[in-house]
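Report on one structure; see the data block that follows.
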Amino acid sequence: MATKLESKCNGNTTGSQHQATASFPVVEVHHEEDRSLISSITGVPLGPSDLLHATTGSHAYPSAALAAGPASASPLDVLSTFEPKEDTTDIIYRVAPRPLSQSTSTPITISQQTPPSNSNHHFTTNLSRRTPARMSLTDDNSSVEPPQMSIGDDESSSEQPSRLGAITEQMTELSLYRSQIHRPSSSGQQNSHSSTSSPSRSKKRLSFWEAKMVGRDEQFRLLTESLTRYYSSSMQNRENTKSHLVEISGESGTGKTRLAESLKSTKLFQAHENNPLFAQGKFDFLLRDEPYAGIIAACEDIAEHILKLGQAHASSQQKQLRAHIVDTLAMAIDTEELELLITMVPLMGQVLDINPLSQSHTNDPTCSRKKDDFIQLDNKKTQLQETFRRFMKVICQSFSPVVLCADDVQWADAESLRLLQEMLEPQQPYTIFCILLYRSNEVANNACLTKSIEHYKHEHASGNIDRTHILLGNLSNESVHLYLQDLLIESQPSSETNTSETTGLQGLTAICHQRTQGNIFFLNSFLTMLNSYGFLTYDTNLQKWTWDEKEIEIRTQSTNNVVELLMERMKTLDSPSCRELLRLAACLGSTCKESVLQLLWSNMFHNKLQQPPTLSQSVFRASLKRLYHEGFFQELNDGSYKWNHDQIRAAAIMLTPETERDGFHRRVGEALAHYLKEDLDSMIYVVAHLVSQGLPPEAQAKRNQYAELCLRASQRATNVAAFTNAKLFAEKGLSFLPGGDDKWIRNNQLCHELYMCLIQAERICGDIVPMEKHCNELIDAQSDKPISVRLGAIQNLYTGIFFLGSADRGKEGVEIGFKTLEQLGCRFPKGNLAINAKTIACLLSLKRMKSKLARTKGEVNLKMMVESDPPENVEESCRVIYSLLVMLYLCHDARLAIAVVRFLEYTFKYGVSVYAPPVFAYAAAILTGPLDDMIGASALAHYGLKLMQKVKYRPIVPNTLGLSYQFALHRTLPSRESAMHLRMASEIGLKIGDRELADLFAFNATFYRFLSGDNLPELANDCRADIVQMQQTKNDYAIQFIQWALRVYVTLLGEDTDEIMERIHSHPLGAPNADNPTQETDHFYIFFAKKMLGTYMGDFQVVAGISLVHSNSLDKVYIGTPYQMVDRFLRGLSCLVVARRSGARSLLLEGKRMLAMIKRWVKQGCPNVRHYEAIMSAELSAIKKRKRKKVMEKYQRAVDLALECGCVQDGALFYECWGLYALESLGAKLEAVGYIQQSIRLFTSWGAQGKVQKMRLQYGNLLRGADDTSSTLKVPSQQTLTVGSGNQQSAPASIDVSNGMVGA
């Protein structure tokens, strides 16, 4: 059946008291569903023979009847459900009987064109090809046109929703058009500037975004100068460029955001040869619990920018840039870190076009197939920092300049402020131009921001960053005048500006400045209000803006609160739908997705009217469009809407009365939780915040629901390493549960999960006192449950006490761990005698394990423990033992060997746990330490590496790899190869967030490179870089060790060491005590600063004296220490040199003892001590006064062996010892000169200018007058090539490059 429609545009409508300035449709509708739908939206009962009129009229009450038609009319005309204002002219709907003479055979629709008054026209269209009329409420048209009405014909039932939606949307647009005809004045009287009184008055909107920025010339200069400095320095010397920080502060509405965004209009951003990037993110007052909100928003901005580079209209260069960014990100960020990044910034999944859960984009396939909260949570925060560091490095290398703008940071959470601070640290591999915007009068409310600002001031004073602070205030009267001149006069079509017009602005300027105090946002809101109420209008005949100063002065009142002004404007919105949308959107944050807003609006507001879904959607879209055109929202590219200013949102919040606000927020949160379902995680922070408002409900079922929502928010915050936020949400969740023991009785599982989230967050945040309290509460409440239920809390308890508690509580933590093992059925001996006896038995057991592995030829034929169904609590016991090992090692507990052997016994009996690989490395450390068994240690370490490949559990990879090469394999493989593997372990440790291990392995890698003879200046630079990296984690031990090593390198280089010594003595661990060493740090200081530096600087007497005093104290500090071999060499060589000079028997015996140890290592196949054994044997032969030729041959052999393995520093030292022997024992000055000169040449090629200067002073008389070319001693050419070749490394056979794993 065809739908008939006839439109007659009548200028004079029966019953109306005013002439309309536009024509209105008269609609005849025959479809029943169309009639009922139109009736529902207009509130007009529509019969099958009725016409629908839209006309204008003046009425006092909604129920007033207009002029009735003929007596047969049914029903009477009534007003629409859209509430009209008293004494106003509005579009109203009326029903009239269809004239009997009206033809119903020809389909007719309405044109969008407005016909002249008293004219008739009609036209047709088809709904399936309908283009809905769009009204632009900000157009510069001279009049507002009514929307197009079109009802199609011949629609099938399948297309019925589309037809109904079209009708609904057009009827809704008609209602919105009605509201544009006239608005009431603030006094409630009819506006003198209404469109009915003056046809030349237009509802043209003010174009604030096109107005110039005034009164900010000095601030703009400071901002652009800072950006220019940053860009120029980055172009000249990218490596030495500092990050730049600009802080723009001022009260709300002073134009901070506008000033920051003005950078996008500078030449630097407009230049085609540049690839600039401006990323912006905003924090939110009501959602301060949401972690990283502003940073995530900025990263989404970056992702959108990258996506645009690949669009169809992009240039080939832009597409190549996007491809490069995608490839580089996929290479730089491994799978698990990629998953973390996309969890935080979902849009990055579109950029990379991958699903991190199902695809592998990585060079390191050591991705864990298992999840272990405890071991991974410890590294989560540093993993996030490292991931973000790699992400920003790629972005900063791809774009220039990169500007990151964080808005409203006074509302930023602590985790975001820490991450922002990390981004600006000088040790980052990138530099960035960062703008922080904050309200100057609200800084005191955020203690973390106050600390950050002080930190930035200190960093600027230290020269680490370039900081500029810009303070914005309100505009002066003169600036307001310039602003109004640009907005109202210079923007007019006329090219000439009349002086009288400019002068006429003075009165309006005075009023505006008085009302708003020069606050630019307040000023814009005030002008919008004047424009909306008709006090400021655009005359289409004169083509200029006009206003009546007296009317404005009388009708407006002065207020210091822009929120009140905005509220009044919102209240005048004649559509309840618009006001409800404002209230709902205010609950969702600074931005909200249209789909979420529509979901809330449809289910919380419009369903109360019991109207069809199609109607709800159309009214929603029209209402949202209305708010957009009113200037409350701005639409984003992804279909989201953003508040134009946070003060607008504040006004929208206040639309809900304060007494009802908390309840309304909770209802919104409940609706989101109910309707979002699988998408709830994306908004869980918002939901948890909303349901936590005000007093909790009385019904316990609802309180439990709120607690579950807070638990989900806490778990999500934990997943993105926002532990401060996770702690906050867990505390909120617990507040909803009953007090005392009731919460455990009624909600045991929920309460347990909330407690675990809280305990983990407190431990990682370092809150040891509340963590200990909550651990004990959980353990006591679950005392009747199996130990596995309490295990998580217990493990957090003893590790927290050991690592975070006071120094004297370390053993307390260890004892809690052993008590836990006893409850798990894994008992350990007690008492010194029992422990010592068991330790000896375990050492012998390790020897037997070596033989067992030899019989299997190292093949891994063990099943995984999860496949072998082990007895109860075996897996839990393995996990506890593994967490205890590092504690036992650090506190030198004799039960370390017992724990290691017990774990290995479980492994061979019940299968391989994911923690097994590093335990084999600990076993190797025991073999290399007390047992001095290199071959056995190497076998255990290789077996552990093979297990690592089998279990593929990523968190244990750096531990296994690093400990294996640090404790065992460095004794059977060249030092350079060990250095490379340790550096690999450090890199993986950084990726997974285990920075403490990464720092330790990085330091040891540098030390092994020193032993390998790498270039000395490069080593010093790498040490400095490692120190900067370690300062991020505040790893005091590693920093102290590497500073001592750096002092050795810098002294050998001949550079100033005062700064290094100052840092050493002012270190948090305290200045080392070399005279009475009691701590491990003291012994390591003696090793580096005394023994190592003394030997290479030729102070053999000092080193020999230390050797007799401290003996093997370094071995007692850490078993299996990698410095043991070098320590024996330094002590042995120094004692023998001094013994040769003085004949001291004690030194001779000490030297022989050291030589015997080194010979034993050479027998076991250690390749790194052969030249040590050769030089010490030469010195011993010189002491015994062997034949000159044999002694000379031994010195020559020592030099040759040193240079063959690339140890140029040792070759130079050996030449010096050879020269001293020739000079002191033989009196052969000429030969001594030759050896000393060779030593100087090698030290020079190594880079040790400090040592060379000392030698020239020490041997000045000997060298004076000698010809440098007189010596016939030459370094073999094949050896000369390796001198100082720090980059020459033999390719290790144990690396499987294809998968990044280490082979046996």
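Okay, here's what the table says:
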{"read-out": "Using alpha carbons only: equivalent-ellipsoid semi-axes of the range 1179-1255, gyration tensor based, whole Å", "value": "21, 15, 9"}
{"read-out": "Cβ-Cβ FRET estimate between residue 908 and residue 808, R0 fixed at 41 Å, reported to 0.05", "value": "0.60"}
{"read-out": "Interatomic Cα distance distribution for the range 765-854, bins of 5 angstrom, percent", "value": "3, 12, 17, 17, 15, 13, 10, 7, 4, 1, 0"}
{"read-out": "FRET efficiency, residue 318 to residue 1225 (Cβ-Cβ, R0 51 Å, nearest 0.05)", "value": "0.10"}
{"read-out": "Potential extension, residue 393-residue 1159 segment - 0.36 nm per residue separation minus Cα distance", "value": "270.9 nm"}
{"read-out": "The range 881-1014 - Rg (one decimal) and Dmax (whole number), Cα, Å", "value": "14.1, 46"}
{"read-out": "Net +/- balance of residues flanking residue 1013 in space, Cβ distance below 12 Å, scoring K and R +1, D and E -1", "value": "-2"}
{"read-out": "Where labels lie 7 Å past Cα in the beta-carbon direction, separation of residue 699 and residue 1249 in nm", "value": "8.1"}
{"read-out": "Accessible carbon and sulfur surface of the range 661-759 relative to its total accessible area, %, 1.4 Å", "value": "46"}
{"read-out": "Label-point gap, in nm, between residue 441 and residue 266 - each point 7 angstrom along Cα→Cβ", "value": "3.0"}
{"read-out": "Carbon/sulfur fraction of accessible area - the range 395-539, other protein chains in place, 1.4 Å, %", "value": "48"}
{"read-out": "Hull-based mean projected area of the range 663-784, where the convex hull spans the alpha carbons, in square nanometres", "value": "7.5"}
{"read-out": "Additional length obtainable on full extension of the chain from residue 830 to residue 741, 0.36 nm per residue less Cα span", "value": "28.4 nm"}
{"read-out": "Amide H within-cut-off set for residue 864, under 5 Å, with H built and near neighbours excluded", "value": "912"}
{"read-out": "Label-point separation, residue 486 to residue 541 (7 Å along Cα→Cβ), nm", "value": "3.2"}
{"read-out": "Loop GluC sites (Glu not before Pro), the range 273-309 (other Cβ atoms within 10 Å of the site Cβ: 10 or fewer; DSSP)", "value": "273"}
{"read-out": "Sites residue 1025 and residue 783, calculated FRET efficiency, Cβ-Cβ separation with R0 51 Å, nearest 0.05", "value": "0.50"}
{"read-out": "Under 11 Å, Cβ to Cβ, from residue 507 - net charge with Lys/Arg +1 and Asp/Glu -1", "value": "-2"}
{"read-out": "Residue-span extension gain [residue 221 to residue 517] - 0.36 nm each, minus C-alpha spacing", "value": "104.1 nm"}
{"read-out": "Proximal charge balance of residue 638 [Cβ under 13 Å; K/R count +1, D/E count -1]", "value": "-2"}
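The values are calculated or read from the model by the stated rules, or taken from the named source; none is laboratory data. These figures come from a predicted structure and were not determined experimentally. Please note: Cβ atoms are built from the backbone with ideal geometry, for glycine as well, and neighbour counts cover all protein chains shown. Surface areas here come from the heavy atoms of the whole protein model, side chains and all, with no ligands, DNA or RNA. Shrake-Rupley method; radii C 1.70, N 1.55, O 1.52, S 1.80 Å.
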